[in-house]
Amino acid sequence: MTIDPGSRTVAASTSDAVTLRGARLSYGDRVLWDGLDLDIRPGEFIAVLGPNGSGKTSLLRVLLGLQQLSAGTVSVAGVAPGKGNSHIGYIPQQRALEPTLALRGRDLVGLGFDGHRWGLGIADRRARAARVDEVLADVGATGFADRSVGLLSGGEQQRLRVAQALVNDPRVLLCDEPLLSLDLANQAAVSSLIDARRRAANTAVLFVTHEINPILPLVDRILYLVDGRFRVGTPEEVMTSATLTALYGTTVEVVRVRGQIHVIGAHSDLCEDAPHHHGEH
Amino acid sequence: MDKIFDFAQTGALLKVDFVIAAIVAAAVLGLLAGVLGPLIVSRNMVFAVHGTSELALTGGAAALLLGWDIGGGALAGSIVAALVLGLLSRKNSDYDSVIGVVLSFGLGVGVLMLWLYRGRASNKFGLLTGQIVGQDFASIALLVGCVVGVFAVLAVIYRPLLFASVDPEVARARGVPTKALALVFAVMVGVATALSVRTIGSLLVLALMVTPAAAACRVTASPLRVTLLAVLFAEVSAIGGIILSLAPGAPVSAFVTTISFLIYVVCWLISRSRRLTRA
């Protein structure tokens, strides 16, 4: 957890998918995290856990180049985060798209392919259509790709989000609570699509979540952020009563039931507050 | 009622120069409105367009009072409005109320200026509800110039603008400069609105800028087909509205709004019957 000034120069030259060295993020005198060293290898699946306001989403924003570090260095896919790194795929939270939105599933995926480029892109339309068809088939979305996205279920919309993120063959996949508000079957479907991708193409996955259980079998390591403190390690190392008690600074008990992990805190807001499973509309 | 369907009268008027000029202007405006409309609808900017057109009225009224060119005044007013509204974030919860505050004040100032104006009353009325006289080929050259300029910018920014309009969060993550695009698009809408004010009047610009696109969104989800249909609907409304207004000599906007409303109703019925058959 110490900052090594000498490490700053080597940060960008590693083959790691994501490298953070002595990273600090603060707003005024409020420190979200400090001294964060993290190397994510290609093909590694990292879950980012922690209560609301612990800086999970801010970490994604840093990697996307939307937020500057207060101190330290960061590189993603070998380069410093700039706006529009095409080696990064991004999957947002499932949010209901408006039913009248004039957009089909294949358009959503197509925008992921080249929506950030200037010009009309008429010359590339064949290549785009072929790639979009391919990735729609990969996620099993071909059947509803021509329907209005706003009329699709949350699970169907999230499949399209996975396709949208994968259409550029990313080396790093950043997921911001992609399972939120999905039912259990769709949680399993979407997370297994993400897992299949990283195994097939060695894509590193950084998966921000409130809930570890749906992805527990897939996770290699956990980054657990609490109130400026953090811990990195395998689920066996991090998800223990001793580790989380130290992180939260109060007694927290971790219980394993039938392969699932439950965190029981002294106050309900200490443990993983779980506004999930609203079911689909 | 007989006057509306006096085809001999309509036919004779269709040979008059200023009528031809008005129809050409309407065709150009229909193209512009049809292309911008779907983006306006998907960006939830309908109320912002209304606010912009009210401030085009203020600019036009100021120009009328000061003896300047009305079109130039309308353009200035709506570009100022577009910049103010473009700087506001769509995410702000007070977005709509700020538009309401700005547009009502601007309209009030416009009303005061129209009251102070002692010239021909038809000039005042024309600002509110549109008129076809006063279009000459010089003003059409200006119109075409503006529209070509808007389309040239659009050809460069269309893809990221569409991305930012329908999927802002992922667009931002992909490095699309959503704030800058919002500002550029607001100025484009301001230009289009100011150009439409002369023909259709500031009160009813929405009939050309929004209704055709909203109708098209009812019947297809493909962005390309929505745009093509919106252009078609806007052309039918704008040109049809002018032709129907000729014989009775009534304000153009009454007919433009009626035609675009009927198109919307038909599209709504189509989408409804489709949903019922699917269910």
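Going by neighbour counts of Cβ atoms within 10 Å, the residues A:Phe144, A:Phe207 line up, fewest first, as A:Phe144, A:Phe207. With the highest mean first, a sort of the peptides B:191-197, B:255-261 on other beta-carbon atoms found within 10 angstrom per residue produces B:191-197, B:255-261. Each helix, a run of at least 4 DSSP H residues, gives -39500 (n - 2.57); summed and divided by the residues of chain B, these come to -27500 deg cm²/dmol at 222 nm. If R0 is taken as 56 Å, the Cβ-Cβ distance between B:Phe151 and A:Ala196 corresponds to a FRET efficiency of 0.80. Region A:87-107 and region B:253-279 have Cα centres spaced 26 Å apart.
This ranking places B:Ser273, B:Ser237, B:Ser139 by how few other beta-carbon atoms lie within 10 Å of each, fewest first, which gives B:Ser273, B:Ser139, B:Ser237. Across region A:173-180, computed HN-Hα scalar couplings (Karplus, 6.51 cos²θ - 1.76 cosθ + 1.60, θ = phi - 60°) run 10, 9, 10, 9, 6, x, 9, 4 Hz from first to last residue, x flagging Gly and Pro. Each residue, A:Thr57 and A:Glu237, gets one label point 7 Å from its Cα in the Cβ direction; the gap between the two is 2.9 nm. Sorting A:184-190, B:112-118 by average packing, meaning the other beta carbons within 10 Å per residue, from highest down gives A:184-190, B:112-118. Measuring r between the beta carbons of A:Asp146 and A:Ser26 and using R0 = 56 Å, the FRET efficiency lands at 0.75.
Taking a virtual spin label 7 Å from the Cα of B:Ser97 along the C-beta vector, which residues in region B:7-51 bring their backbone nitrogen under 19 Å of it? Only B:47-48, B:51 pass the distance filter. What the Cβ-Cβ distance of B:Ile20 and A:Ala96 gives, at R0 = 45 Å and to the nearest 0.05, is a FRET efficiency of 0.40.
If you stretched the chain out fully between B:Asn44 and B:Leu142, how much longer would it get, using 0.36 nm times the residue separation minus the C-alpha to C-alpha distance?
Residue separation times 0.36 nm, minus the Cα-Cα distance, leaves 32.4 nm.
With a 10 Å cut-off around each Cβ of B:213-221, the average count of Cβ atoms from other chains is 3. Here B:Ile270, A:Ile261, B:Ile200 are placed in order of increasing Cβ neighbour count within 10 Å, fewest first, which gives B:Ile270, A:Ile261, B:Ile200. Neighbouring Cβ atoms from other chains, within 10 Å of the Cβ of residues in B:147-158, number 1 on average. Look at the stretch A:114-127: the mean tally of other chain Cβ atoms within 10 Å of its residues' Cβ atoms is 4. For B:Lys179, a cut-off of 20 angstrom between C-alpha atoms picks up these aspartates and glutamates, skipping any fewer than 8 places away in its own chain: A:Asp114, B:Asp94, B:Asp96, B:Asp167, B:Glu169. Amide H to amide H distances under 5 Å link A:Phe45 with A:Val205, A:Asp220, A:Arg221, where only residues 5 or more positions off or on other chains count and H is placed in the peptide plane.
All of the numbers you see were taken from the coordinates with simple rules; none came from a lab. Note that the coordinates shown come from a computational prediction; the quantities given were computed from them, not determined experimentally. Heads up, the Cβs are rebuilt from the backbone with ideal geometry, glycines too, and the neighbour counts pull from every protein chain shown.
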